[in-house]
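Only one structure is covered here, and it is reproduced in the block below.
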Amino acid sequence: MKNVAVLTSGGDAPGMNAAIRSVIRCGIAKGWTMFGVYNGFAGLITDNIRPMGTRDVGEILHKGGTILGSARCEEFYTDEGRRKGVRALRRVGIDALVVIGGNGPQTGNYELHKLGFPVVGIASTIDNDLPGTEMTIGVDTALNIALEAIDRLKVTASSHQRAFLVEVMGRDCGYLALMSGIAGGAEYIVIPEIETDPEEVAESLRLAYEHGKGHAIIVVAEGAKHNAESLIAYFEEHEDRLGFKIRATILGHVQRGGNPGAFDRILASRFGSGAIEAIAREEYGVLVGLHEGSVMTFLLEEVVGKTKSVSMEMVELARKLD
Ligand code: F6P
């Protein structure tokens, strides 16, 4: 018999609700008592921990966002704040905590682990930047949202013989940009992992124009040294020699708000079950993720504070396809 709590933290990602539902229902299937912590780690500081039953997670599988809420909590960055959180969990009688989120949340989770509290993480962020796991909850849906935007921009770009810079999220990781660029047939992809001279982008546009292309798409990662704003500023002075007129679209948070697709719903359901199984084995201080298609656990200490790099094989592929 265990009392287990779950919280979501950091940027929301489509599929977080599916993960909450899975954690709660798989825990109940074990005969455990389940709790939700509201507003991320802030809910630990404010004692916002409430019991959750099977019906409390009904009708959320298909919804984006997180019913538990997420918040930045300055107090949790301090040792005293985290100790306060552990005291709150112990007061309610919680035996283990599941934290659904990306790099920041898993760092907070690891700090609780270091204080001796039993924790398990679930990899969830649209950035797909957590080392170890091949995929995180939310990235597939975010990718499809970016792709839909690229496809639409291509239509208007063709009508006007324009080039579009499309900036996607991803923090310091180029995964979203690289994959949406490949899937969207971008002429050039700018990612943080590879320093790009704006002149190379200009050259690719000029060549595309000379080859008679009716439009051009450049996908830019927000974390790249030259993001959309910087490239637009550069092109202002050089537009006459590019052929195309340039416009920029920054997709921003629109990538986070969608309803999860089938991949994310299934991944989240598997990760939720994986977290409950890890707790049943009393395997703590770990992150539930994906390795070669199987649900696995990774040590939090080997994951936190690091950013996964993009696959060089995919970078090479992008270069061949542009
Ligand atoms: O980590 C997810 C993410 O959406 C990043 O891609 C982005 O850089 C960041 O969060 C934006 O954070 P906020 O929602 O606090 O503006």
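Of all residues being more than 16 Å from residue 295 (Cβ to Cβ) and assigned to a loop (DSSP other than H, G, I, E, B) in the range 129-142, which is farthest from the ligand (Cβ to nearest atom)? Just the residue, please. Restricting to residues being more than 16 Å from residue 295 (Cβ to Cβ) and assigned to a loop (DSSP other than H, G, I, E, B), the top hit is 131.
For residues in the range 66-79 being without any contact (Cβ under 8 Å) to a residue 40 or more places away in the chain and open to solvent by 50 Å² or more (accessible area, probe 1.4 Å), which is nearest to the ligand (Cβ to nearest atom)? Here the answer is 72. All conditions but one from (1) away from the ligand (no atom under 13 Å from the Cβ); (2) open to solvent by 20 Å² or more (accessible area, probe 1.4 Å); (3) not in a strand (DSSP E or B) apply to residue 196; the one that does not is (2).
Within the range 169-193, take every residue that is of a type outside the set (Gly, Ala, Ser) and more than 16 Å from the ligand (Cβ to nearest atom) and give me the one that is nearest to residue 313 (Cα to Cα). Only one residue tops the list, namely 182. If only residues of the range 103-128 that are hydroxyl-bearing (Ser, Thr, Tyr) and assigned to a helix (DSSP H, G or I) are counted, the one that is surrounded by the most Cβ atoms within 10 Å (Cβ to Cβ) is 110. Listed by first and then second residue, the pairs linking a residue in the range 206-221 that is surrounded by 20 or more Cβ atoms within 10 Å (Cβ to Cβ) to a residue that is of a type in the set (Lys, Arg), with Cβ atoms under 9 Å apart and 6 or more places separating them unless they lie on different chains, are 215/154; 215/162; 216/162; 217/154; 221/171. Pairs are defined by a Cβ separation below 7 Å, a sequence spacing of at least 6 or placement on different chains, a first member in the range 297-322 that is in the same structural domain as residue 284 (by TED's automatic domain parsing), and a second member that is at pLDDT below 95; no pair meets this definition. Can you confirm whether residue 254 is open to solvent by 30 Å² or more (accessible area, probe 1.4 Å), of a type in the set (Val, Ile, Thr) and either under 20 Å from residue 175 (Cα atoms) or in a helix (DSSP H, G or I) (or both)? Judged against the criteria, residue 254 is a match.
When the range 10-52 is filtered for residues that are within 16 Å of the ligand (Cβ to nearest atom), open to solvent by less than 10 Å² (accessible area, probe 1.4 Å) and over 25 Å from residue 262 (Cβ atoms), only 40 remains. Only one entry in 120, 166 is within 16 Å of the ligand (Cβ to nearest atom), of a type in the set (Val, Ile, Thr) and touching a strand residue (DSSP E or B) at 6+ places or on another chain (Cβ under 8 Å), namely 166. If we keep just the residues of the range 262-292 that are part of a loop (DSSP other than H, G, I, E, B) and in contact (Cβ under 8 Å) with a residue 24 or more places away in the chain, which is most open to solvent (accessible area, probe 1.4 Å)? The qualifying residue most open to solvent (accessible area, probe 1.4 Å) is 292.
For residue 89, state whether it is assigned to a helix (DSSP H, G or I) and either small (Gly, Ala, Ser) or open to solvent by 10 Å² or more (accessible area, probe 1.4 Å) (or both). Against the criterion (assigned to a helix (DSSP H, G or I) and either small (Gly, Ala, Ser) or open to solvent by 10 Å² or more (accessible area, probe 1.4 Å) (or both)), residue 89 does not qualify. Exactly one residue out of 162, 82 is surrounded by 15 or more Cβ atoms within 10 Å (Cβ to Cβ), in contact (Cβ under 8 Å) with a residue 60 or more places away in the chain and of a type in the set (Lys, Arg), and it is 162.
The values are calculated or read from the model by the stated rules, or taken from the named source; none is laboratory data. Predicted, not measured: the structure shown is a model, and the values here were computed from it. Heads up, the Cβs are rebuilt from the backbone with ideal geometry, glycines too, and the neighbour counts pull from every protein chain shown. Each accessible area value is taken on the protein alone, full model and side chains, heavy atoms only, with ligands, DNA and RNA left out. Shrake-Rupley method; radii C 1.70, N 1.55, O 1.52, S 1.80 Å.
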